[in-house]
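The values are calculated or read from the model by the stated rules, or taken from the named source; none is laboratory data. All values reported here derive from a predicted model rather than from experimental measurement. Cβ placement follows ideal geometry from the backbone for every residue including glycine, while neighbour counts extend to all protein chains displayed. All accessible areas refer to the heavy atoms of the entire protein, side chains included, with ligands and DNA or RNA removed. Shrake-Rupley method; radii C 1.70, N 1.55, O 1.52, S 1.80 Å.
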Amino acid sequence: FYWNTSAEEFIERMAREYKRFWTDDRKTKAKKAGLTQSEVCILASIVQSEQGAHPDERDDVAGLYLNRLKKGMKLDSDPTLIFALGDFTIKRVLNAHKKVDSPYNTYKNAGLPPGPILLPELSSLDAVLNASDHNYLFMCAKEDFSGYHNFSVSYREHINNARRYQRELNKRKIYR
């Protein structure tokens, strides 16, 4: 877009791009996942926020969130909580943060939030539409700070992963 693009031209272009993206194949994949096109966008924004550093892991993250949605579990997504708080400097989500009253607090509210938390890249939308098929229900950032996650099926395994990560946060004096 150029600086002199009118609002009407902007809207027309966005509508064209939207229609171009949503091919019959992608619509079929969304339906198979049990999501509307808007819900794909919302989930893709969460997936991208959760895994911004390594796009190659986004399909695993998407699969995990889809597993949680299918089971009726809360998403427990740190990025949605940070969005709800409006404090993007938070490096460590604390239990006190989880008390915020917001439809974007996925620690309190089941299902997807009412809207996206960022404008997702096309690759993130495709990660949701081509999510990995696995049994993971939990994830925690790896304690090596590589930007990748430790995925787990059981809550016990997740707690062990979380403790390792928390020890490393403490060691690096990251308290907030």
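Quick check on segment 73-86. Is at least one of its residues part of a helix (DSSP H, G or I), open to solvent by 50 Å² or more (accessible area, probe 1.4 Å) and of a type outside the set (D, E, K, R)?
yes
Would you confirm whether any residue within segment 88-111 is at pLDDT 95 or above and within 17 Å of Tyr155 (Cα to Cα)?
yes
Looking only at segment 48-62, count how many residues are closer than 17 Å to Cys140 by Cβ, of a type in the set (D, E, K, R) and in contact with a helix residue (DSSP H, G or I) (Cβ under 7 Å, 6 or more places away or on another chain).
Of the residues in segment 48-62, 2 are closer than 17 Å to Cys140 by Cβ, of a type in the set (D, E, K, R) and in contact with a helix residue (DSSP H, G or I) (Cβ under 7 Å, 6 or more places away or on another chain).
Which one of these does Ile117 not meet: (1) at pLDDT below 95; (2) of a type in the set (Val, Ile, Thr); (3) open to solvent by less than 30 Å² (accessible area, probe 1.4 Å)?
Single failed check for Ile117: (1).
Exactly one condition in (1) on the phi > 0 side of the Ramachandran plot; (2) touching a Lys or Arg at 6+ places or on another chain (Cβ under 6 Å) is false for Gly86; which is it?
Unmet condition: (2).
Does Lys173 satisfy the criteria of being open to solvent by 60 Å² or more (accessible area, probe 1.4 Å), assigned to a loop (DSSP other than H, G, I, E, B) and at positive phi? Please lay out each step first, then the result.
Details: open to solvent by 60 Å² or more (accessible area, probe 1.4 Å): yes; assigned to a loop (DSSP other than H, G, I, E, B): yes; at positive phi: yes.
Yes.
So, Ser146, is that one in a loop (DSSP other than H, G, I, E, B), more than 20 Å from Gln166 (Cβ to Cβ), more than 13 Å from the chain's Cα centre (by Cα) and among the hydroxyl-bearing types (Ser, Thr, Tyr) or not?
Working: in a loop (DSSP other than H, G, I, E, B): yes; more than 20 Å from Gln166 (Cβ to Cβ): no; more than 13 Å from the chain's Cα centre (by Cα): yes; among the hydroxyl-bearing types (Ser, Thr, Tyr): yes.
Spelling it out, it is not the case that Ser146 is in a loop (DSSP other than H, G, I, E, B), more than 20 Å from Gln166 (Cβ to Cβ), more than 13 Å from the chain's Cα centre (by Cα) and among the hydroxyl-bearing types (Ser, Thr, Tyr).
Please verify whether Arg156 is open to solvent by 30 Å² or more (accessible area, probe 1.4 Å) and either of a type in the set (Val, Ile, Thr) or assigned to a loop (DSSP other than H, G, I, E, B) (or both), treating the condition exactly as stated. Explain how you work it out, then say what you get.
Values: open to solvent by 30 Å² or more (accessible area, probe 1.4 Å): yes; either of a type in the set (Val, Ile, Thr) or assigned to a loop (DSSP other than H, G, I, E, B) (or both): no.
Criteria not met by Arg156.
So, in segment 12-55, how many residues would count as being at pLDDT 95 or above, of a type outside the set (Lys, Arg) and assigned to a helix (DSSP H, G or I)?
Selection size over segment 12-55: 22.
Tally up the residues in segment 142-153 that are crowded, with 20+ Cβ neighbours inside 10 Å and either in contact with a Phe, Trp or Tyr (Cβ under 7 Å, 6 or more places away or on another chain) or without any contact (Cβ under 8 Å) to a residue 40 or more places away in the chain (or both), please. Lay out the reasoning, then the answer.
Applying the first criterion (crowded, with 20+ Cβ neighbours inside 10 Å) to segment 142-153 yields 149, 151-152.
Applying the additional criterion that residues be either in contact with a Phe, Trp or Tyr (Cβ under 7 Å, 6 or more places away or on another chain) or without any contact (Cβ under 8 Å) to a residue 40 or more places away in the chain (or both) yields 151-152.
Summing the residues that are crowded, with 20+ Cβ neighbours inside 10 Å and either in contact with a Phe, Trp or Tyr (Cβ under 7 Å, 6 or more places away or on another chain) or without any contact (Cβ under 8 Å) to a residue 40 or more places away in the chain (or both) in segment 142-153 gives 2.
In segment 53-72, how many are of a type in the set (Gly, Ala, Ser), in contact (Cβ under 8 Å) with a residue 40 or more places away in the chain and open to solvent by 10 Å² or more (accessible area, probe 1.4 Å)? Steps first, please.
Restricting attention to segment 53-72, the residues satisfying the condition of being of a type in the set (Gly, Ala, Ser) are 53, 62-63, 72.
Add one more test, that the residue is in contact (Cβ under 8 Å) with a residue 40 or more places away in the chain, and what stays is 53, 62-63.
Keeping just the survivors that are open to solvent by 10 Å² or more (accessible area, probe 1.4 Å) gives 53.
Qualifying residue count for the region: 1.
I'm trying to understand the selection: among the residues of segment 87-118, which are of a type in the set (A, V, I, L, M, F, W, C) and either assigned to a helix (DSSP H, G or I) or touching a Ser or Thr at 6+ places or on another chain (Cβ under 7 Å) (or both)? Reasoning before the result, please.
Taking segment 87-118 as the starting set, the residues that turn out to be of a type in the set (A, V, I, L, M, F, W, C) are 88, 90, 93-94, 96, 100, 110, 112, 117-118.
Answer for segment 87-118, where residues must be of a type in the set (A, V, I, L, M, F, W, C) and either assigned to a helix (DSSP H, G or I) or touching a Ser or Thr at 6+ places or on another chain (Cβ under 7 Å) (or both): Ile117, Leu118.
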